[in-house]
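The structure appears right after this line, and notes come after that.
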Amino acid sequence: MTEQHLQRSDKFVIGRKDLQQLLDVLHEKGYRVVGPTVRDGAIVYDDLSSVTQLPVGWTDEQDGGTYRLKKRNDQALFGYAVGQHSWKKFLSPSVVCLWRAKRDGSGFQIIAGSDEQPKFAFVGVRSCDLHAIAIQDNVFIHGQYVEPTYKSRRENVLIVAVNCGQAGGTCFCASMDTGPKATIGFDLALTEVMENNRHYFLVEIGTDLGAQILREVPHEGANEKEKATAERIVAETAKHMGRTMDTTDIKDLLYRNYEHPRWDDVAERCLTCANCTMVCPTCFCLTVEDVTDLTGEHAERWSKWDSCFTMDFSYIHAGSVRASPRARYRQWMMHKLATWIDQFGTSGCVGCGRCITWCPVAIDITEEVRAIRESERTSPGAISPQEVNHENS
Ligand code: SF4
Ligand code: SF4
């Protein structure tokens with residue numbers, strides 16, 4: 001195959017039978033390949049060595065507080081939406097040892113650890129998650145302070161995205177302008193096509209590295225019909241989102257309604273379990289814990305995922321700043337959809353729907369926004385920012 005075949009503006013086709021070669025090439029190049037697989041009744045992200053480990057012939061049914069796997073009537077490899085895992089599990093692991101030390105006379109000595117990070121190839125990244133990764137890049141790499149573990153892991157990641165061929169019951173990426181077609185942040189992007197007894201992947205190249213990988217996998221140039229079919233699949237997905245969110249003026253809408261009674265309503269239902277923050281691909285709150293062994297000879301410092309839904313998260317000497325469920329839910333949703341925009345220049349929500357699916361009481365961020373918006377329509381005269389009572393409980 002000549003270089004001519006691999007112009008970024010061109011599109012290509014890989015047959016289903018040749019997809020294994022893509023995984024093999026990634027392994028040969030030293031990548032730890034991770035992607036979707038079925039485990040414990042859900043589609044999670046884990047190590048992949050074979051395409052047979054992908055969720056072949058499975059789909060998911062999702063709704064508020066509901067997730068079920070179901071058999072498809074075909075052998076699609078990517079025929080489902082996102083599950084409870086996101087890629088932050090690899091880029092910003094839930095538990096990281098920052099340093100270890102041992103007693104040395106009256107002082108202590110730091111025990112050198114390895115700075116070596118795995119070289120990941122993420123396979124099957126959906127568009128919403130490409131945007132989520134970009135948001136976390138913004139926070140951890142491009143902000144005032146750089147998070148070194150994230151940065152060193154992120155620098156080595158190769159991404160094989162997959163355009164969504166069906167929307168999940170809680171997806172709303174089309175509303176957030178983050179999907180379902182991959183447009184940023186991938187090395188290669190695949191669209192799975194199954195029709196007329198053919199099973200193939202239309203491939204787009206996002207980077208030179210992606211082109212290098214594709215060069216080693218059997219492929220052909222895509223014809224106009226194949227390109228149009230892939231476009232149609234993604235366009236249909238966009239039309240069938242399980243949820244929608246009207247984002248018009250959303251930051252000011254929420255700022256205007258800081259004391260809206262809906263916060264009391266949602267507090268009646270919220271268990272402050274923190275599930276929504278654990279599954280959210282953009283939530284990044286951490287805490288740091290120091291531990292010692294019983295002899296007092298060794299000490300360690302660990303960073304762990306934390307959540308704005310815990311009391312400890314806002315604890316400052318005499319108590320928690322956000323003591324009530326109302327204050328904590330409001331903080332989370334306001335941050336996602338309003339203060340994140342002031343802080344980082346984008347929304348903190350990519351419309352993946354995970355927080356809706358994995359909320360045990362089916363609290364739905366799209367519904368909460370809708371309720372506040374509707375109340376302004378039906379009873380104008382919301383409290384202005386100047387009138388806000390800043391008491392958090
Ligand atoms: S909104 Fe749902 S998932 Fe989030 S803390 Fe409340 S109950 Fe848990
Ligand atoms: S807030 Fe919910 S829908 Fe938005 S990115 Fe986080 S988990 Fe996904």
Starting from region 300-320, take each residue that is among the basic types (Lys, Arg) and list its partners that are open to solvent by 50 Å² or more (accessible area, probe 1.4 Å) and in a loop (DSSP other than H, G, I, E, B), counting only C-beta distances under 8 angstrom and pairs at least six apart or across chains.
Lys304/Ser94
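Check whether at least one residue in region 377-384 is aliphatic (A, V, I, L, M), surrounded by 15 or more Cβ atoms within 10 Å (Cβ to Cβ) and either within 16 Å of ligand 2 (Cβ to nearest atom) or modelled with pLDDT of 95 or more (or both), and report yes or no.
No; the residues of region 377-384 include none that is aliphatic (A, V, I, L, M), surrounded by 15 or more Cβ atoms within 10 Å (Cβ to Cβ) and either within 16 Å of ligand 2 (Cβ to nearest atom) or modelled with pLDDT of 95 or more (or both).
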When (1) within 16 Å of ligand 1 (Cβ to nearest atom); (2) more than 22 Å from Trp87 (Cβ to Cβ); (3) in contact with an Asp or Glu (Cβ under 9 Å, 6 or more places away or on another chain) are applied to Thr229, the one that fails is (1)
How many of the residues in region 261-284 are over 23 Å from Ser86 (Cα atoms) and surrounded by fewer than 16 Cβ atoms within 10 Å (Cβ to Cβ)?
5
Residue ranges of helices (runs of 4 or more DSSP H) in region 271-349 with at least 2 members within 15 Å of ligand 1 (Cβ to nearest atom), of a type outside the set (Gly, Ala, Ser) and modelled with pLDDT of 95 or more
275-279, 325-334
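Mind checking which residues of region 274-330 are more than 30 Å from Thr346 (Cα to Cα) and among the hydrophobic types (A, V, I, L, M, F, W, C)?
Val291, Leu294, Ala299, Ala318
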Consider only pairs whose beta carbons are under 7 Å apart and that are at least six residues apart or on different chains; among these, list those whose first residue lies in region 85-103 and is at negative phi and whose second residue is part of a loop (DSSP other than H, G, I, E, B) and buried (at least 17 other Cβ atoms within 10 Å of the Cβ).
Ser86/Pro281; Trp87/Pro281; Lys88/Pro281; Ser92/Phe284
Taking the stated definitions as given, is Thr183 surrounded by fewer than 20 Cβ atoms within 10 Å (Cβ to Cβ), farther than 15 Å from Asn163 by Cβ and among the β-branched types (Val, Ile, Thr)?
no
Conditions (1) outside any loop (DSSP other than H, G, I, E, B); (2) within 16 Å of ligand 1 (Cβ to nearest atom); (3) at pLDDT 95 or above; (4) open to solvent by 30 Å² or more (accessible area, probe 1.4 Å): number failed by Pro360
(1)
Going through region 16-53 one residue at a time, which ones are open to solvent by less than 10 Å² (accessible area, probe 1.4 Å) and part of a loop (DSSP other than H, G, I, E, B)?
Leu48
Can you tell me which condition Ile250 does not meet? The list is (1) more than 21 Å from Ile159 (Cβ to Cβ); (2) touching a Phe, Trp or Tyr at 6+ places or on another chain (Cβ under 7 Å), and all the others hold.
(2)
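Among the residues of region 113-129, what is the count of those that are of a type outside the set (Lys, Arg) and part of a loop (DSSP other than H, G, I, E, B)?
6
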Filtering region 321-332 down to residues that are open to solvent by less than 20 Å² (accessible area, probe 1.4 Å) and free of Cβ contacts under 8 Å to residues at least 60 places away in the same chain yields Arg328, Trp332
Please enumerate the residues belonging to region 243-257 that are buried (at least 16 other Cβ atoms within 10 Å of the Cβ) and assigned to a loop (DSSP other than H, G, I, E, B).
Arg243, Met245, Thr247, Asn257
Determine whether Arg198 is more than 16 Å from Cys355 (Cβ to Cβ) and exposed (fewer than 15 other Cβ atoms within 10 Å of the Cβ).
yes
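Every residue, every condition in (1) out of contact with any strand residue (DSSP E or B) (no Cβ under 9 Å at 6 or more places or on another chain); (2) closer than 30 Å to Arg16 by Cβ, yes or no:
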site	(1), (2)
Lys239	yes, yes
Thr244	yes, no
Asp249	yes, no
Trp263	yes, no
Met278	no, no
Thr282	yes, no
Cys285	no, no
Asp290	no, no
Leu294	yes, no
Yes or no: region 150-164 includes at least one residue that is crowded, with 20+ Cβ neighbours inside 10 Å, within 16 Å of ligand 2 (Cβ to nearest atom) and within 30 Å of His240 (Cβ to Cβ).
yes
Checked against (1) within 16 Å of ligand 2 (Cβ to nearest atom); (2) exposed (fewer than 15 other Cβ atoms within 10 Å of the Cβ), Thr287 satisfies every condition except (1)
From the residues in region 112-145 that are small (Gly, Ala, Ser) and more than 17 Å from Gly353 (Cβ to Cβ), which one is nearest to ligand 1 (Cβ to nearest atom)?
Ala134
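The values are calculated or read from the model by the stated rules, or taken from the named source; none is laboratory data. Everything quoted here is computed from the prediction, not taken from an experiment. A quick note on method: Cβ atoms are made from the backbone with ideal geometry, for glycine too, and the neighbour counts reach across all protein chains shown. We work out accessible area using only protein heavy atoms, side chains counted, and drop any ligands, DNA or RNA first. Shrake-Rupley method; radii C 1.70, N 1.55, O 1.52, S 1.80 Å.
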